[in-house]
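Let me begin by presenting the structure, written as C-alpha coordinates, before commenting on it.
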Amino acid sequence: MKSELERIHREAVAGLEAASQEAEVEALRVRLLGRKGELTTIVRSLRDVDPSDRPAMGAYLNEVKTDVEQRIEAAFLALRVSARERQIASERVDVTIPGRRQVLGHLHPITQTIEEMIDIFVALGFEVATGPDVEDDYHNFTALNFPPDHPARDMQDTFFVDQDHLLRTHTSPVQIRVMENRQPPLRVIVPGATYRIDNDLTHAPMFHQIEGFMVDKRVTFGDLKGTLTLALQRLFGDDTRVRFRASFFPFTEPSAEVDIGCVICAGQSSTCRICRGTGWLEILGAGLIDPNVFEAVGYDSEALSGFAFGVGIERVAMLKYQINDIRLFAGNDIRFLRQF
Ligand code: DAH
(Lines give C-alpha, C1' and ligand atoms only; values in the text may rest on other atoms or scores of the structure.)
Protein backbone atom coordinates (compact mmCIF):
# COMPACT_ATOMS: atom_id res chain seq x y z
CA MET A 1 0.00 0.00 0.00
CA LYS A 2 2.86 2.31 0.80
CA SER A 3 4.29 2.01 -2.69
CA GLU A 4 0.82 2.46 -4.16
CA LEU A 5 0.41 5.70 -2.13
CA GLU A 6 3.83 6.86 -3.23
CA ARG A 7 2.90 6.28 -6.87
CA ILE A 8 -0.39 8.19 -6.49
CA HIS A 9 1.45 11.03 -4.76
CA ARG A 10 4.18 11.18 -7.40
CA GLU A 11 1.68 11.17 -10.27
CA ALA A 12 -0.49 13.78 -8.54
CA VAL A 13 2.47 16.11 -8.05
CA ALA A 14 3.63 15.65 -11.65
CA GLY A 15 0.10 16.03 -13.05
CA LEU A 16 -0.55 19.21 -11.10
CA GLU A 17 2.76 20.71 -12.17
CA ALA A 18 1.97 20.01 -15.82
CA ALA A 19 -1.61 21.35 -15.63
CA SER A 20 -2.08 24.63 -17.51
CA GLN A 21 -5.88 24.81 -17.38
CA GLU A 22 -8.28 24.94 -14.47
CA ALA A 23 -10.22 22.13 -16.17
CA GLU A 24 -7.16 19.85 -15.99
CA VAL A 25 -6.73 20.55 -12.28
CA GLU A 26 -10.42 19.85 -11.73
CA ALA A 27 -10.10 16.53 -13.60
CA LEU A 28 -7.16 15.58 -11.40
CA ARG A 29 -9.09 16.57 -8.26
CA VAL A 30 -11.96 14.28 -9.28
CA ARG A 31 -9.57 11.47 -10.16
CA LEU A 32 -7.78 11.71 -6.79
CA LEU A 33 -10.30 13.02 -4.26
CA GLY A 34 -13.70 12.49 -5.92
CA ARG A 35 -16.22 9.97 -4.59
CA LYS A 36 -14.48 7.19 -6.51
CA GLY A 37 -11.09 8.93 -6.48
CA GLU A 38 -7.85 7.03 -5.97
CA LEU A 39 -7.15 8.54 -2.56
CA THR A 40 -10.77 8.04 -1.50
CA THR A 41 -10.90 4.36 -2.36
CA ILE A 42 -7.44 3.44 -1.15
CA VAL A 43 -8.67 3.93 2.44
CA ARG A 44 -10.34 0.50 2.11
CA SER A 45 -6.95 -1.14 1.62
CA LEU A 46 -6.05 -0.15 5.20
CA ARG A 47 -7.98 -3.26 6.25
CA ASP A 48 -5.32 -5.43 4.63
CA VAL A 49 -2.45 -3.70 6.41
CA ASP A 50 -0.90 -5.38 9.37
CA PRO A 51 -2.69 -3.93 12.46
CA SER A 52 0.61 -2.87 13.99
CA ASP A 53 1.47 -0.88 10.85
CA ARG A 54 -2.01 0.56 10.47
CA PRO A 55 -1.61 3.79 12.53
CA ALA A 56 1.57 4.71 10.68
CA MET A 57 0.00 3.83 7.32
CA GLY A 58 -3.15 5.84 8.24
CA ALA A 59 -1.01 8.83 9.17
CA TYR A 60 0.94 8.54 5.92
CA LEU A 61 -2.28 8.35 3.95
CA ASN A 62 -3.54 11.53 5.63
CA GLU A 63 -0.27 13.24 4.97
CA VAL A 64 -0.46 12.41 1.24
CA LYS A 65 -4.12 13.46 1.10
CA THR A 66 -3.49 16.78 2.82
CA ASP A 67 -0.51 17.48 0.62
CA VAL A 68 -2.48 16.67 -2.54
CA GLU A 69 -5.40 18.86 -1.37
CA GLN A 70 -3.06 21.76 -0.71
CA ARG A 71 -1.34 21.35 -4.05
CA ILE A 72 -4.72 21.32 -5.85
CA GLU A 73 -5.77 24.48 -3.98
CA ALA A 74 -2.43 26.11 -4.87
CA ALA A 75 -2.70 25.03 -8.52
CA PHE A 76 -6.20 26.54 -8.83
CA LEU A 77 -5.01 29.76 -7.24
CA ALA A 78 -1.92 30.03 -9.44
CA LEU A 79 -3.95 29.45 -12.61
CA ARG A 80 -6.56 32.04 -11.58
CA VAL A 81 -3.86 34.58 -10.79
CA SER A 82 -2.11 34.08 -14.09
CA ALA A 83 -5.42 34.21 -15.99
CA ARG A 84 -6.20 37.52 -14.29
CA GLU A 85 -2.73 38.81 -15.12
CA ARG A 86 -3.18 37.87 -18.75
CA GLN A 87 -6.54 39.64 -18.82
CA ILE A 88 -5.09 42.77 -17.25
CA ALA A 89 -2.22 42.74 -19.72
CA SER A 90 -4.58 42.41 -22.66
CA GLU A 91 -6.81 45.24 -21.46
CA ARG A 92 -3.94 47.47 -20.62
CA VAL A 93 -4.27 51.11 -21.68
CA ASP A 94 -1.24 53.30 -22.12
CA VAL A 95 -2.38 56.54 -20.53
CA THR A 96 0.82 58.25 -21.62
CA ILE A 97 0.01 58.02 -25.36
CA PRO A 98 -0.94 61.50 -26.61
CA GLY A 99 -4.67 61.87 -27.38
CA ARG A 100 -6.02 62.02 -30.90
CA ARG A 101 -6.30 65.67 -31.81
CA GLN A 102 -9.79 66.85 -32.79
CA VAL A 103 -9.70 69.04 -35.86
CA LEU A 104 -11.69 72.14 -34.94
CA GLY A 105 -13.83 73.60 -37.68
CA HIS A 106 -14.56 77.30 -37.99
CA LEU A 107 -17.00 79.68 -39.59
CA HIS A 108 -16.86 80.30 -43.33
CA PRO A 109 -15.08 83.58 -44.22
CA ILE A 110 -18.37 84.96 -45.60
CA THR A 111 -20.15 84.12 -42.34
CA GLN A 112 -17.27 85.70 -40.41
CA THR A 113 -17.55 88.88 -42.49
CA ILE A 114 -21.34 89.00 -42.04
CA GLU A 115 -20.98 88.56 -38.28
CA GLU A 116 -18.32 91.24 -38.08
CA MET A 117 -20.56 93.67 -39.97
CA ILE A 118 -23.60 92.78 -37.86
CA ASP A 119 -21.56 93.53 -34.73
CA ILE A 120 -20.58 96.94 -36.10
CA PHE A 121 -24.18 97.94 -36.90
CA VAL A 122 -25.69 96.43 -33.76
CA ALA A 123 -23.29 98.64 -31.78
CA LEU A 124 -24.84 101.60 -33.67
CA GLY A 125 -28.36 100.60 -32.58
CA PHE A 126 -29.40 98.59 -35.65
CA GLU A 127 -31.43 95.39 -35.38
CA VAL A 128 -31.21 92.38 -37.72
CA ALA A 129 -34.10 91.35 -39.99
CA THR A 130 -34.32 88.71 -42.72
CA GLY A 131 -36.60 87.98 -45.66
CA PRO A 132 -37.26 85.21 -48.18
CA ASP A 133 -34.75 84.26 -50.90
CA VAL A 134 -37.65 83.57 -53.28
CA GLU A 135 -39.35 86.92 -53.72
CA ASP A 136 -42.23 88.23 -55.74
CA ASP A 137 -41.76 90.83 -58.42
CA TYR A 138 -43.58 93.42 -56.33
CA HIS A 139 -41.14 93.39 -53.38
CA ASN A 140 -38.00 92.92 -55.44
CA PHE A 141 -38.80 95.61 -58.06
CA THR A 142 -42.17 97.40 -58.14
CA ALA A 143 -42.34 98.64 -54.56
CA LEU A 144 -38.70 99.70 -54.85
CA ASN A 145 -39.67 102.10 -57.64
CA PHE A 146 -38.22 100.11 -60.53
CA PRO A 147 -40.09 101.18 -63.68
CA PRO A 148 -41.79 98.32 -65.59
CA ASP A 149 -39.15 98.30 -68.33
CA HIS A 150 -36.08 98.59 -66.08
CA PRO A 151 -33.22 96.43 -67.43
CA ALA A 152 -32.70 94.70 -64.06
CA ARG A 153 -36.10 93.04 -64.59
CA ASP A 154 -34.69 91.40 -67.69
CA MET A 155 -34.44 87.61 -67.78
CA GLN A 156 -30.77 88.12 -68.55
CA ASP A 157 -30.07 89.28 -65.02
CA THR A 158 -32.74 87.68 -62.88
CA PHE A 159 -33.44 84.03 -62.07
CA PHE A 160 -37.21 83.72 -62.44
CA VAL A 161 -39.06 80.94 -60.63
CA ASP A 162 -42.34 81.61 -62.42
CA GLN A 163 -44.16 84.61 -63.95
CA ASP A 164 -44.31 86.44 -60.66
CA HIS A 165 -41.57 84.91 -58.51
CA LEU A 166 -37.80 85.16 -58.65
CA LEU A 167 -34.65 84.66 -56.62
CA ARG A 168 -34.14 88.08 -55.07
CA THR A 169 -31.52 90.08 -56.91
CA HIS A 170 -30.70 92.16 -53.83
CA THR A 171 -31.63 92.40 -50.14
CA SER A 172 -33.54 95.67 -50.70
CA PRO A 173 -36.98 93.93 -50.83
CA VAL A 174 -36.60 93.31 -47.09
CA GLN A 175 -36.78 97.10 -46.63
CA ILE A 176 -40.30 96.87 -48.05
CA ARG A 177 -41.24 93.84 -45.96
CA VAL A 178 -40.09 95.46 -42.71
CA MET A 179 -41.73 98.82 -43.45
CA GLU A 180 -45.01 97.13 -44.48
CA ASN A 181 -45.24 95.59 -41.04
CA ARG A 182 -43.67 98.14 -38.72
CA GLN A 183 -43.71 101.85 -37.97
CA PRO A 184 -40.67 104.14 -37.64
CA PRO A 185 -38.33 104.85 -36.01
CA LEU A 186 -36.45 101.97 -37.64
CA ARG A 187 -32.79 101.05 -37.76
CA VAL A 188 -32.46 97.70 -39.49
CA ILE A 189 -29.80 95.61 -41.22
CA VAL A 190 -30.57 92.65 -43.44
CA PRO A 191 -27.86 90.07 -44.20
CA GLY A 192 -28.69 87.44 -46.77
CA ALA A 193 -28.09 85.57 -50.00
CA THR A 194 -28.84 87.22 -53.34
CA TYR A 195 -28.86 85.88 -56.91
CA ARG A 196 -28.05 87.16 -60.38
CA ILE A 197 -27.28 85.53 -63.71
CA ASP A 198 -23.63 86.44 -63.65
CA ASN A 199 -20.43 84.42 -63.44
CA ASP A 200 -16.85 85.64 -63.59
CA LEU A 201 -13.89 86.44 -61.33
CA THR A 202 -15.84 89.07 -59.37
CA HIS A 203 -19.47 88.02 -59.91
CA ALA A 204 -21.05 84.78 -58.70
CA PRO A 205 -24.62 83.64 -59.41
CA MET A 206 -25.19 83.48 -55.68
CA PHE A 207 -23.62 86.05 -53.41
CA HIS A 208 -24.43 87.91 -50.20
CA GLN A 209 -25.42 91.41 -49.27
CA ILE A 210 -26.12 93.39 -46.18
CA GLU A 211 -28.89 95.90 -46.60
CA GLY A 212 -29.22 98.67 -44.06
CA PHE A 213 -31.77 101.40 -43.55
CA MET A 214 -32.93 103.95 -41.07
CA VAL A 215 -36.29 105.75 -41.05
CA ASP A 216 -37.34 108.53 -38.70
CA LYS A 217 -38.25 112.20 -38.76
CA ARG A 218 -35.47 114.36 -40.21
CA VAL A 219 -32.95 111.69 -41.16
CA THR A 220 -30.39 113.44 -43.36
CA PHE A 221 -27.68 112.61 -45.87
CA GLY A 222 -25.29 113.67 -43.09
CA ASP A 223 -26.59 110.78 -40.95
CA LEU A 224 -25.93 108.43 -43.86
CA LYS A 225 -22.39 109.73 -44.36
CA GLY A 226 -21.57 109.58 -40.66
CA THR A 227 -22.98 106.06 -40.23
CA LEU A 228 -21.27 104.59 -43.29
CA THR A 229 -17.94 106.33 -42.68
CA LEU A 230 -17.83 104.98 -39.14
CA ALA A 231 -18.88 101.47 -40.22
CA LEU A 232 -16.35 101.32 -43.07
CA GLN A 233 -13.54 102.53 -40.80
CA ARG A 234 -14.43 99.88 -38.21
CA LEU A 235 -14.37 97.30 -41.00
CA PHE A 236 -11.25 98.33 -42.94
CA GLY A 237 -9.28 100.32 -40.34
CA ASP A 238 -9.63 103.68 -38.62
CA ASP A 239 -7.63 105.64 -41.19
CA THR A 240 -9.63 104.34 -44.18
CA ARG A 241 -10.64 107.19 -46.49
CA VAL A 242 -14.30 107.23 -47.55
CA ARG A 243 -15.74 109.06 -50.56
CA PHE A 244 -19.34 109.58 -51.69
CA ARG A 245 -20.01 109.88 -55.43
CA ALA A 246 -23.35 110.90 -56.95
CA SER A 247 -25.09 107.96 -58.56
CA PHE A 248 -28.55 106.58 -59.30
CA PHE A 249 -30.77 103.86 -57.83
CA PRO A 250 -34.55 103.71 -58.37
CA PHE A 251 -35.22 103.41 -54.64
CA THR A 252 -33.05 106.31 -53.39
CA GLU A 253 -32.95 110.01 -54.14
CA PRO A 254 -30.34 111.35 -54.00
CA SER A 255 -28.20 108.26 -54.52
CA ALA A 256 -24.53 107.70 -54.00
CA GLU A 257 -21.87 105.15 -54.61
CA VAL A 258 -19.38 104.93 -51.79
CA ASP A 259 -15.68 104.30 -52.32
CA ILE A 260 -12.92 103.53 -49.85
CA GLY A 261 -9.26 104.38 -50.33
CA CYS A 262 -7.49 101.46 -52.04
CA VAL A 263 -6.64 98.83 -49.42
CA ILE A 264 -3.68 97.68 -51.50
CA CYS A 265 -1.84 100.79 -52.66
CA ALA A 266 -3.57 103.51 -50.59
CA GLY A 267 -3.58 105.65 -53.74
CA GLN A 268 0.21 105.50 -54.00
CA SER A 269 0.50 103.42 -57.15
CA SER A 270 -0.60 104.49 -60.63
CA THR A 271 -0.25 100.88 -61.77
CA CYS A 272 -2.17 99.20 -58.89
CA ARG A 273 -4.21 96.35 -60.36
CA ILE A 274 -6.86 96.47 -57.65
CA CYS A 275 -7.88 100.15 -57.99
CA ARG A 276 -6.45 100.52 -61.52
CA GLY A 277 -4.43 103.47 -60.33
CA THR A 278 -7.45 105.49 -59.21
CA GLY A 279 -6.70 105.04 -55.49
CA TRP A 280 -10.39 104.24 -54.84
CA LEU A 281 -12.48 101.10 -54.59
CA GLU A 282 -16.25 101.11 -54.97
CA ILE A 283 -17.70 99.35 -51.95
CA LEU A 284 -21.44 100.04 -51.69
CA GLY A 285 -24.55 101.83 -52.92
CA ALA A 286 -26.59 104.15 -50.74
CA GLY A 287 -28.94 107.10 -50.66
CA LEU A 288 -31.96 108.73 -49.08
CA ILE A 289 -35.05 106.55 -49.42
CA ASP A 290 -37.13 107.67 -52.39
CA PRO A 291 -40.58 109.13 -51.45
CA ASN A 292 -42.15 106.63 -53.87
CA VAL A 293 -40.85 103.78 -51.68
CA PHE A 294 -42.48 105.34 -48.61
CA GLU A 295 -45.73 105.69 -50.55
CA ALA A 296 -45.59 102.01 -51.53
CA VAL A 297 -45.51 100.94 -47.86
CA GLY A 298 -48.08 103.54 -46.76
CA TYR A 299 -45.66 105.85 -44.96
CA ASP A 300 -46.13 109.62 -45.00
CA SER A 301 -43.28 110.73 -47.25
CA GLU A 302 -43.71 114.37 -46.15
CA ALA A 303 -43.25 113.62 -42.45
CA LEU A 304 -40.57 110.94 -42.68
CA SER A 305 -37.16 110.55 -44.19
CA GLY A 306 -34.59 107.78 -44.21
CA PHE A 307 -31.39 106.46 -45.64
CA ALA A 308 -30.56 103.06 -47.09
CA PHE A 309 -27.48 101.23 -48.26
CA GLY A 310 -26.50 97.88 -49.69
CA VAL A 311 -23.07 96.20 -49.44
CA GLY A 312 -21.78 93.11 -51.21
CA ILE A 313 -20.27 90.79 -48.62
CA GLU A 314 -18.03 88.87 -51.02
CA ARG A 315 -16.64 92.18 -52.27
CA VAL A 316 -15.83 93.27 -48.70
CA ALA A 317 -14.23 89.91 -47.90
CA MET A 318 -12.23 89.91 -51.15
CA LEU A 319 -10.82 93.35 -50.36
CA LYS A 320 -10.21 92.61 -46.68
CA TYR A 321 -8.43 89.30 -47.32
CA GLN A 322 -7.10 90.11 -50.82
CA ILE A 323 -8.85 87.29 -52.62
CA ASN A 324 -8.92 87.59 -56.39
CA ASP A 325 -11.54 85.00 -57.38
CA ILE A 326 -15.06 85.17 -55.92
CA ARG A 327 -15.66 81.51 -56.83
CA LEU A 328 -13.25 80.39 -54.09
CA PHE A 329 -15.94 81.16 -51.50
CA ALA A 330 -18.32 78.53 -52.85
CA GLY A 331 -15.62 76.10 -54.04
CA ASN A 332 -15.30 74.36 -50.66
CA ASP A 333 -11.56 73.82 -51.09
CA ILE A 334 -10.42 73.08 -47.55
CA ARG A 335 -6.96 74.55 -48.26
CA PHE A 336 -8.62 77.89 -49.00
CA LEU A 337 -11.04 77.79 -46.07
CA ARG A 338 -8.39 76.77 -43.51
CA GLN A 339 -6.68 80.13 -43.95
CA PHE A 340 -9.40 82.03 -42.15
N1 DAH B 1 -29.76 97.04 -54.00
C2 DAH B 1 -28.57 97.59 -54.61
C3 DAH B 1 -27.87 96.55 -55.42
O4 DAH B 1 -28.05 95.39 -55.19
C5 DAH B 1 -27.63 98.10 -53.57
C6 DAH B 1 -28.20 99.29 -52.88
C7 DAH B 1 -27.93 100.55 -53.38
C8 DAH B 1 -29.00 99.15 -51.78
C9 DAH B 1 -28.45 101.67 -52.78
C10 DAH B 1 -29.52 100.25 -51.15
C11 DAH B 1 -29.23 101.50 -51.67
O12 DAH B 1 -30.31 100.17 -50.08
O13 DAH B 1 -29.74 102.60 -51.04
O14 DAH B 1 -27.08 96.88 -56.28
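The values are calculated or read from the model by the stated rules, or taken from the named source; none is laboratory data. As the structure is a computational prediction, the values presented were derived from the model and not from experiment. Because the Cβ atoms are built from the backbone with ideal geometry, glycine has one as well, and the counts that use them run over all protein chains shown. Quick note on the areas: whole protein, heavy atoms, side chains included, nothing else; ligands and nucleic acids left out. Shrake-Rupley method; radii C 1.70, N 1.55, O 1.52, S 1.80 Å.
As a ratio to 2.2 N^0.38 Å, the alpha-carbon radius of gyration computed for the range 110-259 takes the value 1.07. For T194, the amide hydrogen comes within under 5 Å of the amide hydrogens of F207, H208, Q209, counting only partners 5 or more places away or on other chains and with H modelled in the peptide plane.
Total lysine pairs in the chain at Cα distances under 24 Å, for residues eight or more apart or on different chains: 5. Charge dipole (Cα centre; +1 on Lys/Arg Cβ, -1 on Asp/Glu Cβ; no other charges) of the range 249-316 amounts to roughly 580 debye. Charge dipole (Cα centre; +1 on Lys/Arg Cβ, -1 on Asp/Glu Cβ; no other charges) of the chain amounts to roughly 1600 debye.
Work out which helices of the chain, taken as complete DSSP H runs, extend at least 15 Å along their axis over the Cα atoms and score a mean Kyte-Doolittle of -1.0 or more, then list them.
Once both thresholds are applied, what remains is 2-18, 22-33, 54-90, 109-123, 221-236.
The length gained on full extension between H203 and R241, counted as 0.36 nm times the residue separation minus their Cα-Cα distance, comes to 11.2 nm. The local environment of K225, defined by Cβ-Cβ distances under 14 Å, has a net charge of 0 under the rule Lys, Arg +1 and Asp, Glu -1.
Between A56 and V81, what's the calculated FRET efficiency when r is the beta-carbon distance and R0 is 22 Å? Round to 0.05. About 0.05, to the nearest 0.05. Note: the range 23-110, Cα convex hull, 116 Å³ per residue. Once the Cα-Cα distance is subtracted from the 0.36 nm per residue extended length, the R101 to L33 segment shows a gain of 18.5 nm.
Counting helices only, and only those DSSP H runs with n ≥ 4, report the 222 nm mean residue ellipticity of the chain as the sum of -39,500 (n - 2.57) divided by its residues, in deg cm²/dmol to the nearest 500. After summing the helix terms and dividing by residue count, I get -12500 deg cm²/dmol.
Taking all protein chains together and rolling a 1.4 Å probe, S20 ends up with roughly 70 Å² accessible. Straightening the chain between V49 and S20 buys 6.7 nm, computed as 0.36 nm per residue apart minus the Cα-Cα spacing.
What is the sum of charges, Lys and Arg at +1 and Asp and Glu at -1, for the other residues whose Cβ falls under 12 Å from the Cβ of V293?
Charge balance in the 12 Å sphere: -4.
Computed from backbone phi, the HN-Hα couplings of the range 201-217 come to 4, 10, 10, 10, x, 10, 8, 10, 10, 10, 8, x, 7, 9, 10, 6, 7 Hz, rounded to whole numbers (Karplus: 6.51 cos²θ - 1.76 cosθ + 1.60, θ = phi - 60°; Gly and Pro given as x).
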